[in-house]
Amino acid sequence: MRNKIHKSMMLILAVTLLLFYALLAMILYNRNISILESEVKQEAHYIQAAVNITGAEYLEQMGDADRNTRITWIGKDGEVFYDSEEDNESLENHSGRKEVREALANGEGEEVRMSDTLGEELYYYAVLLDDGSVLRVARSMDGLIRIAVGVFPVMAVLAVLMMLLALALATWQTKRLIKPINELNLEHPLDNDIYPELTPLLQAMDRQNKEKEAVSNMRKEFSANVSHELKTPLTSISGYAEIMKNGMVRPADIPVFSERIYKEARRLIHLVEDIIKLSKLDEESVELEKEDVNLYELTREVVSRLSPQASQKNIRMEVTGEPVMYKGIRQILDEMVYNICENAVKYNNDNGRVSVWVGDTLDGAKISVSDTGIGIPKEHQERIFERFYRVDKSHSKERGGTGLGLSIVKHGAILHGAKVTVESESGKGTRMEIHFPKEQQAETGGSTDGRS
Ligand code: ADP
């Protein structure tokens, strides 16, 4: 940053100085040109007056009085009678020279051009004399260029001095600008009050900090919950096994105890399976390929897997709707639908009903699962997607819940860009819906109704 500021400051200064020099040289040159022109004209008029009065001898008398000025006397026909610099005999006819032609025609004429004779750029001014001949006065313009070039060393020294000064100023200014940035309080970005331009960056940092903190808290809470959830069934298993080992159980009761150990072990297996699924989703390390999945077929298959559980409580399950294709990860979609349908059975009443609808809507594919179960009180509806959150802990455990099912649903939905909604009324039932985004949908087939 420091280097960049230095470089840009130096560049701006160098360009400014260069422009300044060019402008100054131009102004000086133009100003001197007009001075030179008016001096040459004035001199020409003096000589004109003198020659008109005293005759051409005046020119001879002048001789080399002014080394800067070249004076030429030219006849009507262009013949050179006199030239202060050259031998007039050697000079060619001047009737073709612009300033001479103009003077002969209008009384005066001027031009700037390279002199063939002297090899430098001259300003020529010619006036008509009383006898019809022409007096021409010329002065070299090389002096003007020399003045402009002459300023260059002064300007160069000035430029170097100014560059050094600018470098010092830039170093000081950069330090002053950077110091507050180096002293930023990154732990509490919003407490910094330095440059308004940094506010969006600080706000983004604050957001990130909060997100990191939330994730870290969630991880801590999750680990604490996992340990607790694992410990409870393990304690039961160890307790039952110990009693059996000590021979404190009558042979007739052994099947009951074994059943309890088996149940707790199953619960542990479910729990560990759910934790593995969730951490895979969490790490976004899902390597499975997306494929075209018929959501209707998938739901029917899930429902048929749940039918033994449903029949135990005499719950009727039905699937209606139409085949709808969706590009997603089959295994995760299966887990999402399974968890929602399983909850609809688990938290249903005996002789209840679970109605599943799968189909396409204007907004995309949708799976809707309604049950006639115990419902979820309003105040819990937001929180049921949190890990290990259960409305009624003992009720959930008793029904084999791990408290992770809906967390898996939520993460699966995020992975697919889908949305999960809940509508529920305590004691009446619950409707959970998965809304898939439209753009990922594949072609759909015809309409079908099915029951299982
Ligand atoms: P669990 O393994 O306990 O079922 P979930 O994450 O699947 O965990 O669900 C969280 C909680 O949400 C459940 O413990 C239950 O209290 C409530 N819940 C989920 N689905 C339903 C439903 N269909 N009817 C009533 N309560 C439900």
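The values are calculated or read from the model by the stated rules, or taken from the named source; none is laboratory data. What you see is a predicted model, and the numbers here were worked out from it, not measured in a lab. Here the Cβ positions follow ideal geometry from the backbone for every residue, glycine too, while neighbour counts run over all protein chains shown. Just the protein is used for accessible areas: all its heavy atoms, side chains included, with ligands, DNA and RNA removed. Shrake-Rupley method; radii C 1.70, N 1.55, O 1.52, S 1.80 Å.
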Yes or no: K327 surrounded by fewer than 20 Cβ atoms within 10 Å (Cβ to Cβ) and within 16 Å of the ligand (Cβ to nearest atom)?
no
Among residues belonging to the range 295-318 that are within 17 Å of G359 (Cα to Cα) and free of Cβ contacts under 8 Å to residues at least 40 places away in the same chain, point out the one that is surrounded by the most Cβ atoms within 10 Å (Cβ to Cβ).
V302
Among (1) within 15 Å of the ligand (Cβ to nearest atom); (2) in the same structural domain as I408 (by TED's automatic domain parsing); (3) open to solvent by 20 Å² or more (accessible area, probe 1.4 Å); (4) β-branched (V, I, T), I269 falls short only on (2)
Could you tell me which of the residues G375, G359, G321 is within 12 Å of the ligand (Cβ to nearest atom) and either over 38 Å from the mean Cα position of the chain (by Cα) or surrounded by fewer than 21 Cβ atoms within 10 Å (Cβ to Cβ) (or both)?
G375
Some residue of the range 196-216 being outside any helix (DSSP H, G or I) and in contact with a Pro (Cβ under 9 Å, 6 or more places away or on another chain)
no
Note down all Cβ pairs under 7 Å where the first residue falls in the range 217-232 and is open to solvent by less than 70 Å² (accessible area, probe 1.4 Å), the second is of a type in the set (D, E, K, R), and they're at least six residues apart or on different chains.
F222/R387; N225/R387
All strands (runs of 3 or more DSSP E) inside the range 89-166 with 3 or more residues being open to solvent by less than 60 Å² (accessible area, probe 1.4 Å) and in contact (Cβ under 8 Å) with a residue 60 or more places away in the chain:
121-128, 134-140
So, in the range 270-313, exactly how many residues are over 44 Å from the mean Cα position of the chain (by Cα), among the hydrophobic types (A, V, I, L, M, F, W, C) and over 22 Å from P437 (Cβ atoms)?
3
Looking at (1) within 17 Å of R399 (Cβ to Cβ); (2) within 43 Å of the chain's Cα centre (by Cα), can you tell me which one R267 breaks?
(2)
Please indicate, with yes or no, whether at least one residue in the range 10-17 is hydrophobic (A, V, I, L, M, F, W, C) and touching a Phe, Trp or Tyr at 6+ places or on another chain (Cβ under 8 Å).
no
Mind listing whichever residues of the range 30-65 are open to solvent by less than 60 Å² (accessible area, probe 1.4 Å) and either over 19 Å from E108 (Cβ atoms) or outside any helix (DSSP H, G or I) (or both)?
N32, G55, A56, M62, G63
